[in-house]
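Working notes for the structure below.
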Amino acid sequence: MLILASASPRRRELLAQAGFAFEVRPAHVNEDPKPGEDAIAYVTRLAREKAQAVFDGMGDAEAVVLGADTTVEVDGQILAKPEDAADAARMLRLLSGRTHRVMTGVAVVTKGRAEVAAEVTGVRFVTLSDAEIAAYVATGEPMDKAGAYAIQGRAGRWIPRVEGCYFNVVGLPLALVTTMLECVQAATVRAE
């Protein structure tokens, strides 16, 4: 059985949309970046920690646990979920008129095995006015999103270009996840 180690409604929707049968068991790990940790190391570490924590807590040797973590990076700075409205506005000002990178770390953990990978997508924002930023922050939409925006929501109107996997920006790179799960399944079949 596939277990999604995430409480993200967007990840649940994407995994279901792709036709996977799964259960949800959110992981609870510290999501603070380590000193000097770059964005890819950060998201892959968190994805693995989440998947491993859920696997270890299940006591089911047959479980396949999928963990994921998404962040936004601009100028070498990790933009995770905003702490408050002022932090969301700060992040949106950083992204305004620029291209940034969205990274999702993905981990698949089974008994005795952990596969970890990352997807990187470039996202271009138009230049935003202070009024546009304030109005968007007031909707509440940015508050639980890495980089303070949802491409599938109201912020989509400000994004003229995506270079790479759109689903990665939503929160789960489906093609990468599918490939990783197929590899784990093939390895399991060979081991039997």
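Any read-out appearing in this document is the output of simple, stated calculations on the displayed coordinates, not a laboratory observation. Worth saying up front: this structure is predicted, and the values here are computed from it rather than measured. Virtual Cβ from ideal backbone geometry, glycine too; neighbours counted across all protein chains shown.
Structure values in brief
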| read-out | value |
| --- | --- |
| Proximal charge balance of R90 [Cβ under 11 Å; K/R count +1, D/E count -1] | -2 |
| Most mobile of T139, T178, T44 in a GNM of the chain (Cα contacts under 10 Å) | T139 |
| Virtual spin-label span in nm between M58 and A85, 7 Å along Cα→Cβ | 4.1 nm |
| Spin-label model distance (nm) - E31 vs R161, 7 Å beyond Cα toward Cβ | 3.0 nm |
| For region 2-191: relative contact order, % (alpha-carbon pairs under 8 angstrom, 6 or more apart) | 22 percent |
| Footprinting exposure proxy for V137, V126 (fewest neighbouring C-beta atoms within 10 Å first) | V126, V137 |
| Proximal lysines relative to K145, as straight alpha-carbon distance under 22 Å, when same-chain residues fewer than 8 apart are discounted | K34, K50, K81 |
| Cα→Cβ-extended label distance, 7 Å offset, between M143 and E182, nm | 4.1 nm |
| Selected from A86, A51, A39 as most flexible by GNM, with the chain as the system and alpha-carbon contacts under 10 Å | A86 |
| Most mobile listed residue (G105, G122, G147) in the chain, GNM with C-alpha springs under 10 Å | G122 |
| Residue order, fewest to most surrounding Cβ atoms within 10 angstrom, among F125, F20 | F20, F125 |
| Pairs of alpha carbons in the chain whose separation is greater than 24 Å (percent) | 38 percent |
